[in-house]
1. I want the local charge near F12. Using Cβ-Cβ distances under 13 Å, sum +1 for each Lys or Arg and -1 for each Asp or Glu among the other residues.
2. Go through K9/K69; K19/K95; K22/K69; K69/K113; K9/K109; K69/K95 and tell me which ones have a Cα-Cα distance over 26 Å in this structure.
3. Any idea what the dipole of region 5-147 comes to, in debye rounded to 20, about its Cα centre with Lys/Arg Cβ at +1 and Asp/Glu Cβ at -1?
4. Loop by DSSP (not H, G, I, E, B), at most 14 other beta-carbon atoms within 10 Å: where is the longest site-free stretch of the chain for GluC sites (Glu not before Pro)?
5. Add -39500 (n - 2.57) for each DSSP H run of 4 or more in the chain, then divide by its residues: what number comes out at 222 nm, to the nearest 500 deg cm²/dmol?
6. When DSSP assigns beta bridges and you keep just the ones with both residues in region 5-147, what percent turn out antiparallel, to the nearest 5?
7. Tell me the trypsin sites (Lys or Arg not before Pro) within region 41-147 that lie in a loop according to DSSP and have at most 16 other beta-carbon atoms within 10 Å.
8. Any idea what diffusion coefficient the chain gets from Stokes-Einstein, in µm²/s, Kirkwood Rh on alpha carbon pairs, 25 °C, 0.890 mPa s?
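What follows is calculated from the coordinates using simple rules that are stated; it is not laboratory data. Source: prediction; values computed, not measured. As a convention, Cβ positions derive from the backbone with ideal geometry for all residues, glycine included, and neighbour counts pool all protein chains shown.
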Amino acid sequence: METKVVRLKINFKTLEEFKKFKEYGLQELSMLEDLEANIVDNNSDSPFYGIYFGDKLIARMSLYQIDAKFDRYFYPPQNYLELWKLEVLPDYQGKGYGRQLVEFAKSFKLPIKTNPRMQSRDFWEKMGFTPVEYDMERDRGENPLVWYPEGVEAQEK
Ligand code: COA
């Protein structure tokens, strides 16, 4: 079956699907609370993108654009994407869905930063992500990986 990446809507169905993912946490809980308290509208855009197989959400990631004035990773400083919570449900791993999400993120042609989970290093390497030179103050124990579109480099320290 051909799959496509879609922007996920904030609604009770999406939040129910999120419970199947390991990285279910504060971000999801606060979205649920905001929905219940009518702070966000039903079906408004979430920061998540995902892939449906039939009507089942099988993979997702969160993508957030950071403004150039806060950029401490790329040169020249510019808007970049923070990618996190990339996760493919166990039965669907190793079938190209992780790659499909990462390629979608790259299609915005902005630099991307992510903080990978321990066991997924090889995956990120295959996707063309590289470690940045560690900066204690900036990175604070994270080991960020970055992807540079054409014409972009690492920021000098
Ligand atoms: N280690 C090494 N290589 C990996 C990998 C891993 N954990 N996961 C995927 N790859 C490789 C694939 O073999 C594939 O290579 P190929 O193009 O040469 O065939 C490429 O990366 C793309 O794989 P894809 O099928 O798109 O990966 P995926 O859909 O399974 O997504 C993760 C990758 C890591 C996002 C997904 O597996 C996931 O959410 N895993 C759960 C958490 C985790 O980190 N698990 C790690 C294993 S314990």
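1. Details: positive: K9, K13, K19; negative: E16, E17, E28, E33, D34, E36, D41.
Computed value for this residue: -4.
2. Check vs 26 Å cut-off fails for K9/K69; K22/K69; K69/K95.
3. Details: 21 positive and 23 negative charges, 101 e Å.
That gives region 5-147 a dipole magnitude of about 480 debye.
4. 24-132
5. Working: 5 runs with 38 residues, N = 157.
My calculation for the chain gives -6500 deg cm²/dmol from helical runs alone.
6. On the way: 23 of 26 bridges.
Bridges in region 5-147 that DSSP calls antiparallel: roughly 90 percent.
7. On the way: sites: K56, R60, K69, R72, K85, K95, R99, K106, K109, K113, R117, R121, K126, R138, R140; in loops: R72, K95, K109, R117, R140.
For trypsin sites (Lys or Arg not before Pro) across region 41-147 that sit outside H, G, I, E and B with at most 16 neighbouring Cβ atoms in 10 Å, the list reads R72, K95, K109, R117, R140.
8. Details: Rh = 16.7 Å.
Here the translational diffusion coefficient equals 147 µm²/s.
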